[in-house]
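Student: Got a structure for you, questions after.
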Amino acid sequence: MDLGIRDKTAIVCGASRGLGYAAAGELAAEGAKVVICARGAGPLEEAARRIAGETGSPALPVAADVSRAGDVSRVVEAALEAFGGIDILVNNAGGPPPGLFETHDDRAWLAAFELNLLSAVRFSRAVIGPMRRSGGGRIVNITSVAVKQPVDNLVLSNAVRAGVVGMAKTLSNELAPHGILVNNVCPGFILTDRLVSLIRGRAEKQAVSYQEALDSFTSQVPLGRTGEPAELAALVAFLCSQRASYITGATILVDGGLCRALM
Ligand code: NAD
């Protein structure tokens, strides 16, 4: 299936590894020019080299912290300068730290808000103008299964990501007349560095082996395994494509059946 995004320009946030990296790679493999950001310049430049080498599409690394307003503007300006427009935005970052409600103070709540909600607000705001000038666009937010079913010991993520979905649904209504489609994808347990560190944390806390902790995650999943980053990236690329022209305001799970809710 040709996704129809050859030569489109995509900004993918939090893309030096994990889900962001996989999403950028999938978009580049479809012929999109990608601008990727993350905080550390070294791993990000290496990620850009690998994406460009494997796909033949241009990949521009811009070191940036998505929770800082100035950095968000810098990424968007770099994309416009390099490629002349922006057609696709994938909002993504690291996740907030785990912990029970009573372990988090105001600073932790504000940091989670800035990292996972305000970053998406700022990036979305910054790309609306360029997307309107190009006659439309796609915004995809990488959130979490937590927006449908809270994950134990992750109250910051559970709370803040619900805000992303509320923002995105509103934005999808407001931007539909301009041909800008806004959707959310919700990973369950996808095997990235973040999940490995959550599994290690659980193993330590419960004094069990890594394998036992991993099993306690996968036993909740009807497909009986963790997902691969590419399995989430495939949906991101589809939602960013011309093929997904009648999907907006949707929140779609990639969780192997983990979420037990009907909708
Ligand atoms: P990860 O930690 O493996 O990768 C995160 C990426 O974001 C890295 O490239 C990192 O450098 C970058 N990043 C982190 N903080 C940043 C910042 N302030 N500014 C710019 N870049 C930053 O995480 P992942 O597993 O790929 O997950 C991506 C997102 O999806 C996270 O928010 C995570 O909580 C969420 N999520 C992941 C899973 C999963 O199973 N992997 C499940 C639910 C939700």
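The values are calculated or read from the model by the stated rules, or taken from the named source; none is laboratory data. Values in this document were obtained by computation on a predicted structure and should not be read as measured data. Note that each Cβ is placed from the backbone with ideal geometry, even for glycine, and that neighbours are counted across all protein chains shown. Remember, those area values only see protein heavy atoms, side chains included, never the ligands or the DNA or RNA. Shrake-Rupley method; radii C 1.70, N 1.55, O 1.52, S 1.80 Å.
Student: May I ask you to list pairs of residues, at least six apart or on different chains, whose Cβ atoms are under 7 Å apart, with the first in the stretch 24-47 being at pLDDT 95 or above and charged (D, E, K, R) and the second being within 13 Å of the ligand (Cβ to nearest atom) and part of a strand (DSSP E or B)?
Tutor: Arg39/Ala63; Glu45/Pro61
Student: Please indicate, with yes or no, whether at least one residue in the stretch 77-91 is away from the ligand (no atom under 16 Å from the Cβ), under 21 Å from Val236 (Cα atoms) and touching a Cys at 6+ places or on another chain (Cβ under 7 Å).
Tutor: yes
Student: A further question on this structure: Would you point out which residue out of Glu54, Glu77 is surrounded by fewer than 22 Cβ atoms within 10 Å (Cβ to Cβ), without any contact (Cβ under 8 Å) to a residue 24 or more places away in the chain and among the charged types (D, E, K, R)?
Tutor: Of the residues listed, the single one that is surrounded by fewer than 22 Cβ atoms within 10 Å (Cβ to Cβ), without any contact (Cβ under 8 Å) to a residue 24 or more places away in the chain and among the charged types (D, E, K, R) is Glu77.
Student: What residue, of Ala203, Ala146, Ala159, Ala176, is surrounded by fewer than 17 Cβ atoms within 10 Å (Cβ to Cβ) and either over 19 Å from Phe238 (Cα atoms) or away from the ligand (no atom under 13 Å from the Cβ) (or both)? It would help to see each step written out before you state the result.
Tutor: Working: Ala203 fails: surrounded by fewer than 17 Cβ atoms within 10 Å (Cβ to Cβ); Ala146 fails: surrounded by fewer than 17 Cβ atoms within 10 Å (Cβ to Cβ); Ala159 fails: surrounded by fewer than 17 Cβ atoms within 10 Å (Cβ to Cβ).
Of the residues listed, the single one that is surrounded by fewer than 17 Cβ atoms within 10 Å (Cβ to Cβ) and either over 19 Å from Phe238 (Cα atoms) or away from the ligand (no atom under 13 Å from the Cβ) (or both) is Ala176.
Student: Being modelled with pLDDT of 95 or more and surrounded by 13 or more Cβ atoms within 10 Å (Cβ to Cβ) is the requirement here; does Asn183 meet it? Walk me through it before giving the result.
Tutor: Working: modelled with pLDDT of 95 or more: yes; surrounded by 13 or more Cβ atoms within 10 Å (Cβ to Cβ): yes.
Answer is yes for this residue.
Student: I want to confirm something. Restricting to the stretch 92-132 and keeping residues that are part of a helix (DSSP H, G or I), of a type in the set (S, T, N, Q) and within 16 Å of the ligand (Cβ to nearest atom), which single residue is surrounded by the fewest Cβ atoms within 10 Å (Cβ to Cβ)? Don't jump to the end; show me each part of the working.
Tutor: So the first thing to find is which residues in the stretch 92-132 are part of a helix (DSSP H, G or I), and the list is 101-103, 106-132.
Those still in the list that are of a type in the set (S, T, N, Q) too: 103, 116, 119, 124.
Filter once more, so that each one left must be within 16 Å of the ligand (Cβ to nearest atom): 116, 119, 124.
Numbers: Asn116: 28, Ser119: 26, Ser124: 21.
My answer is Ser124.
Student: Using beta carbons and a limit of 9 Å, which pairs, at least six apart or on different chains, have the first residue in the stretch 218-230 and touching a residue at least 24 places away in the same chain (Cβ under 8 Å) and open to solvent by 60 Å² or more (accessible area, probe 1.4 Å) and the second one in a loop (DSSP other than H, G, I, E, B) and of a type outside the set (Gly, Ala, Ser)?
Tutor: Listed pairs, sorted by first residue: Gln220/Phe189; Gln220/Leu258; Pro222/Leu258; Leu223/Asp255; Leu223/Leu258; Arg225/Phe189; Arg225/Leu191; Glu228/Leu191.
Student: Also: In the stretch 234-254, is there at least one residue being open to solvent by less than 40 Å² (accessible area, probe 1.4 Å), modelled with pLDDT of 95 or more and closer than 16 Å to Asp152 by Cβ?
Tutor: There is no residue in the stretch 234-254 that is open to solvent by less than 40 Å² (accessible area, probe 1.4 Å), modelled with pLDDT of 95 or more and closer than 16 Å to Asp152 by Cβ.
Student: Do you know which residues across the stretch 16-25 are in contact with a strand residue (DSSP E or B) (Cβ under 8 Å, 6 or more places away or on another chain) and more than 6 Å from the ligand (Cβ to nearest atom)?
Tutor: Passing the criteria: Tyr21, Ala23, Ala24.
Student: Can I ask one more? Please verify whether the stretch 245-258 includes one or more residues that are on the phi > 0 side of the Ramachandran plot and within 13 Å of the ligand (Cβ to nearest atom).
Tutor: Start the filter on the stretch 245-258 by keeping residues that are on the phi > 0 side of the Ramachandran plot, which leaves 249, 256-257.
Going one step further and asking which of them are within 13 Å of the ligand (Cβ to nearest atom), we end up with 256.
Yes.
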